[in-house]
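Here is the structure we will look at.
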Amino acid sequence: MRAIGDDRPAAWPIRAEGLSVRAGRRLAVDGVDLDLGPGVHGVLGPNGAGKTTLLRALATVTPPAAGTLELTGQPVHAGGDLREIRRRLGYLPQTFGYYRRFTVREFVEYLAWLKELPAHDIPAAAQRAIDQCGLTDRADEKLRTLSGGMIRRVGLAQALVGDPGLLILDEPTSGVDPGNRQELRTLLRGLGRTACVVIATHVIEDVAAACTGLIVLREGRVAFRGTPAELAARAEPGDDGMTSTYERGYAEVLR
């Protein structure tokens with residue numbers, strides 16, 4: 001029984017204890033503990049640190065090798081029934097396949113159908129996601145005609161369809177031009193007011209602008225967890241005129 005006045009969530013959107021995940025034969029995530037609620041949570045780390053592998057586990061693509069993982073209060077394990085979790089989850093991988101002859105609308109509606117949204121809700125849900133991602137004017141264009149940055153937005157729209165409470169986004173601003181990048185950061189901040197949003201990124205500015213909290217991975221383990229301001233506070237004194245305090249703080253925790 002929870003104590004009176006205990007304001008912790010009854011079920012964290014993401015809770016992991018001693019989570020380890022393999023990428024092939026390599027242990028890419030090693031003994032990670034997480035308890036993430038609503039907000040935008042950034043995952044940083046150098047190449048090979050385990051960011052994508054961690055997100056694949058959180059998206060139920062790769063099963064845990066050890067430890068425990070719960071999503072929206074339900075355990076995730078190999079052989080388990082993950083359909084209910086996946087209905088509540090939106091996932092944007094680093095790369096994703098799509099039918100080039102589909103229009104934006106057809107693709108987002110198709111993904112809504114795969115998520116088992118009620119048929120009568122799909123058109124409105126798809127339109128809402130398309131509008132959120134700034135694709136209203138492109139909704140009836142074929143995917144084969146779109147730039148890489150626009151395709152990335154389509155990928156984000158399919159993750160958002162159905163208003164999931166848990167969003168796992170791997171490099172969501174990759175390939176997006178600077179002007180549109182700011183719009184996406186604003187969108188992410190808005191989503192984090194009610195949803196648990198986890199983004200992996202190499203772009204420190206994304207973390208500073210959009211994230212309420214962050215995790216730095218180093219060789220599959222958590223090297224730092226805190227707020228962007230706390231990361232900046234780790235920076236060595238002085239200003240080289242070339243790097244931000246966030247970048248210097250990030251470099252410091254990886255030493």
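The residues on offer are Leu167, Leu254, Leu214, Leu188, and the sole one that is in contact with a Gly (Cβ under 9 Å, 6 or more places away or on another chain) and closer than 30 Å to Leu114 by Cβ is Leu167. Identify, please: which residue in the stretch 11-29 is of a type in the set (Lys, Arg) and either within 14 Å of Leu55 (Cβ to Cβ) or surrounded by fewer than 16 Cβ atoms within 10 Å (Cβ to Cβ) (or both) and is, among those, nearest to the chain's Cα centre (by Cα)? By that ranking, first place goes to Arg26. Within the stretch 167-187, restricting attention to residues that are over 10 Å from the mean Cα position of the chain (by Cα) and either modelled with pLDDT of 95 or more or among the β-branched types (Val, Ile, Thr) (or both), the residue that is farthest from Thr212 (Cα to Cα) is Val176.
Being over 30 Å from Ser147 (Cβ atoms) and touching a helix residue (DSSP H, G or I) at 6+ places or on another chain (Cβ under 6 Å) is a property that does not hold for Ala78. Consider the stretch 178-212 and keep the residues that are part of a strand (DSSP E or B) and touching a Pro at 6+ places or on another chain (Cβ under 8 Å). The one that is nearest to Leu36 (Cα to Cα) is Cys196. From the list Leu191, Leu135, Leu146, the lone residue that is out of contact with any Phe, Trp or Tyr (no Cβ under 9 Å at 6 or more places or on another chain) and closer than 19 Å to Arg86 by Cα is Leu191.
Restricting the stretch 213-255 to residues that are β-branched (Val, Ile, Thr) and not in a loop (DSSP other than H, G, I, E, B) leaves a set whose member that is modelled with the lowest pLDDT is Thr245.
Note on the stretch 132-141: among residues that are in contact with a helix residue (DSSP H, G or I) (Cβ under 9 Å, 6 or more places away or on another chain) and among the charged types (D, E, K, R), the one that is nearest to Arg101 (Cα to Cα) is Glu141. Scanning the stretch 236-250 turns up no residue that is within 25 Å of Thr72 (Cα to Cα) and hydrophobic (A, V, I, L, M, F, W, C). Within the option set Ile14, Ile122, being at pLDDT 95 or above, out of contact with any His (no Cβ under 7 Å at 6 or more places or on another chain) and over 21 Å from Val216 (Cα atoms) holds for one residue only, Ile122.
What is the residue count in the stretch 163-175 for residues that are buried (at least 24 other Cβ atoms within 10 Å of the Cβ) and over 14 Å from Phe96 (Cα atoms)? Qualifying residue count for the region: 2. Which helices (runs of 4 or more DSSP H) does the stretch 73-144 wholly contain that include 1 or more residues that are touching a Lys or Arg at 6+ places or on another chain (Cβ under 8 Å) and loosely packed, with under 15 Cβ neighbours inside 10 Å? Those helices (runs of 4 or more DSSP H) span 83-87. Against the test of being touching a strand residue (DSSP E or B) at 6+ places or on another chain (Cβ under 8 Å) and not hydrophobic (A, V, I, L, M, F, W, C), the options Gly79, Gly67 yield a single qualifying residue, Gly67.
The values are calculated or read from the model by the stated rules, or taken from the named source; none is laboratory data. In this text the structure is predicted, and so the values were computed from the model without any measurement. Because the Cβ atoms are built from the backbone with ideal geometry, glycine has one as well, and the counts that use them run over all protein chains shown.
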